[in-house]
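The values are calculated or read from the model by the stated rules, or taken from the named source; none is laboratory data. Because the structure is predicted, anything quoted here is derived from the model rather than measured. Here the Cβ is made from the backbone with ideal geometry for all residues, glycine too, and neighbour counts use every protein chain on show.
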Amino acid sequence: MQGTALDTDILVIGAGPTGLLLTNLLGSMGIKTILIERNKTTVQEPRAVSIDDESMRALQAAGLSDEVATITAKGYGSLYRGPSGRQFAEVKPFVKEYGFDKRNAFEQPEFEALMRKALARHASVEARFGITLDGFEQGEDRVTAEVTGPDGPQAVTARYMVAADGGRSQARKALDIQLEGSTFEEPWLIVDLETTKNRCFHTEVFCAPKRSAITLPGPGGIRRYEFKLNPGETVEEAEEEAFGRKLLAETGPDENEPIRRQKVYTFHARIASKWRVGRVFLAGDAAHLTPPFAGQGMNSGLRDAHNLAWKLAEALDMANPGALLDSYEKERKPHAWSMIELALKMGKVMMPDSALRGFMTRTGFRLLGLYGPARDYVAQMKYKPKPKFSDGMIRPVASGAGAGAVGRMIPQPLVNTLSREERLLDACLPDRPVVLVFDEAPDRAVDAALIEQLRSAGAEVIGLTPEWTNPVTAAFPILRDRSRFFSQQPFRDCLGHALLLRRDRYVAAIEPVGNIAGLLPVIQSLTAGATPK
């Protein structure tokens, strides 16, 4: 080994979107973190192109959402067209349930560069590029990784290691963790353009047995096209410029626009059998591979980072963090698989295997469009699996108020403060567990002694009033739900209750305002504040 071994709390392998967000989140919490990446820079060529509202909320937690918003084209939808080009369905979501547009276009190279630059804000973070992971061993209280960089081999010791090193994860292979699922037999050609004559603001999906195709808008006048290759069309043939231009000519007005990249991909629908072995965790593509048809591959990785970061931070000061750390896989794996299943279902709509099946699909969507609630279900993307889980760091409720809220991410309304300032809810919440008292008079539900008990346990108290009630001066901040999101189910039934929010804004437990002290045991399971090291 060259030099003295480096020591850190968290070692992150891989500086893709998942690893970069995880490291930024840990840095914002003051956690000593080393990020290593085998490449000398972040990605330079186009890859992922869509970021959703849940991911933007995770970026908000890292203090990055405002900057990322400047490099996105916000709020686009999807138009589904049959072989003739006639539209048969549309997705145009406008409700900002989590505080952001549900679909936003971006360029991954620009996104990664922004997140890499942001790492410099955090004194506790060190990012090293051009470093390869050679191997690692786990001890009783440390992981020791052997790495090689420009100056030769070196050891890095850490309390925990997170492998966010991609679909071909070296760490996953070293742990002998298998991928479950399947690989798509149909390859797709991706063509990224520098400019476009296609003025459509939305994604266009051409659902045809002869050749399915998708065209997606991007920021700054760029556009992506994706074409399903037919049997007999080879990778070598498809990556020839003339082949790409032929397909562009068949799909829209961009036959002669400059091409940035033209590459064939084969997609996967696979998930790791285990996400944690001892002190090593898998995240992002190392843990799951998602077909692109729902635009959720990268977004699932960002959800991993948001779920795992605070748990690692708390675990560092806990005597027995096993249940907290095990909850990462319990909570994230089922949801990641549900996103894979959504992508597979959307793929079947995009790629009808016969003219008859395509006709039946189009007819079905047109009939649904005649019924308002069904049309709204599609247009507002209500088919997308909600960020919700039934197992993990929660105390479920079998029935009654809170049954649908516990385990779910809370909405993020615009709220009014006492001074009538208007902000997103998360901007008013501290980065710690929060007892959110949802009541017409939150100040009457919590006395000074209880506030002190909750704060000593590690939670802050915040009041939230429904839209029709103004905040008042109290011993803790009180906010007004201007957007009325908490007046909709499943949270409408939570009026008169206190919701315990985790640091990632999921509801861990609920109690009536007359029994808020009943939340104390759950608070103690979520934070090191009440668990001496």
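Quick notes on this one:
- Considering only residues in the stretch 183-202 that are of a type outside the set (Phe, Trp, Tyr) and assigned to a strand (DSSP E or B), the one that is surrounded by the fewest Cβ atoms within 10 Å (Cβ to Cβ) turns out to be 183.
- So residue 21, is it in a helix (DSSP H, G or I) and either of a type outside the set (Lys, Arg) or at pLDDT 95 or above (or both): yes
- Residue within the stretch 256-268 that is under 30 Å from residue 138 (Cβ atoms) and either surrounded by 15 or more Cβ atoms within 10 Å (Cβ to Cβ) or not hydrophobic (A, V, I, L, M, F, W, C) (or both) present: yes
- Taken together, the residues in the stretch 395-450 that are polar (S, T, N, Q) and under 18 Å from residue 491 (Cα atoms) amount to 2.
- Given (1) of a type outside the set (A, V, I, L, M); (2) at pLDDT 95 or above; (3) more than 26 Å from the chain's Cα centre (by Cα), index of the condition residue 531 fails: (2)
- Cβ-Cβ under 7 Å pairs, at least 6 apart or on other chains, the stretch 286-300 side assigned by TED's automatic domain parsing to the domain that holds residue 112, far side of a type in the set (Phe, Trp, Tyr) and surrounded by fewer than 24 Cβ atoms within 10 Å (Cβ to Cβ): 291/184; 291/267; 292/267
- You will find that of 148, 144, the residue that is out of contact with any helix residue (DSSP H, G or I) (no Cβ under 9 Å at 6 or more places or on another chain), free of Cβ contacts under 8 Å to residues at least 60 places away in the same chain, assigned by TED's automatic domain parsing to the domain that holds residue 42 and surrounded by 15 or more Cβ atoms within 10 Å (Cβ to Cβ) is 148 and no other.
- Within the stretch 407-440, being surrounded by fewer than 15 Cβ atoms within 10 Å (Cβ to Cβ) and small (Gly, Ala, Ser) holds for 419, 427.
- Leading residue by the ranking (farthest from residue 182 (Cα to Cα)) among those in the stretch 221-270 that are in a loop (DSSP other than H, G, I, E, B) and under 27 Å from the mean Cα position of the chain (by Cα): 222
- Filter result (under 17 Å from the mean Cα position of the chain (by Cα) and assigned to a strand (DSSP E or B)) within the stretch 61-92: 74
- Some residue of the stretch 170-182 being within 24 Å of the chain's Cα centre (by Cα), among the small types (Gly, Ala, Ser) and not in a strand (DSSP E or B): yes
Residues checked against (1) assigned by TED's automatic domain parsing to the domain that holds residue 118; (2) modelled with pLDDT under 95; (3) crowded, with 22+ Cβ neighbours inside 10 Å; (4) of a type in the set (A, V, I, L, M, F, W, C):
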{"site": "33", "(1), (2), (3), (4)": "yes, no, yes, no"}
{"site": "36", "(1), (2), (3), (4)": "yes, no, yes, yes"}
{"site": "39", "(1), (2), (3), (4)": "yes, no, no, no"}
{"site": "45", "(1), (2), (3), (4)": "yes, yes, no, no"}
{"site": "66", "(1), (2), (3), (4)": "yes, no, no, no"}
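- Among the residues of the stretch 110-134, those that are in a strand (DSSP E or B) and surrounded by fewer than 18 Cβ atoms within 10 Å (Cβ to Cβ) comprise 126, 128, 129, 132, 134.
- Unique match (being of a type outside the set (Phe, Trp, Tyr) and touching a His at 6+ places or on another chain (Cβ under 8 Å)) among 139, 167, 152: 167
- Exactly one residue out of 449, 459 is under 23 Å from residue 331 (Cβ atoms) and not assigned by TED's automatic domain parsing to the domain that holds residue 61, and it is 459.
- Scanning the stretch 24-55 for residues being in contact with a strand residue (DSSP E or B) (Cβ under 7 Å, 6 or more places away or on another chain) and in a loop (DSSP other than H, G, I, E, B) gives a total of 9.
- When residues of the stretch 210-238 are limited to those that are over 24 Å from residue 102 (Cα atoms) and loosely packed, with under 15 Cβ neighbours inside 10 Å, the one modelled with the lowest pLDDT: 210
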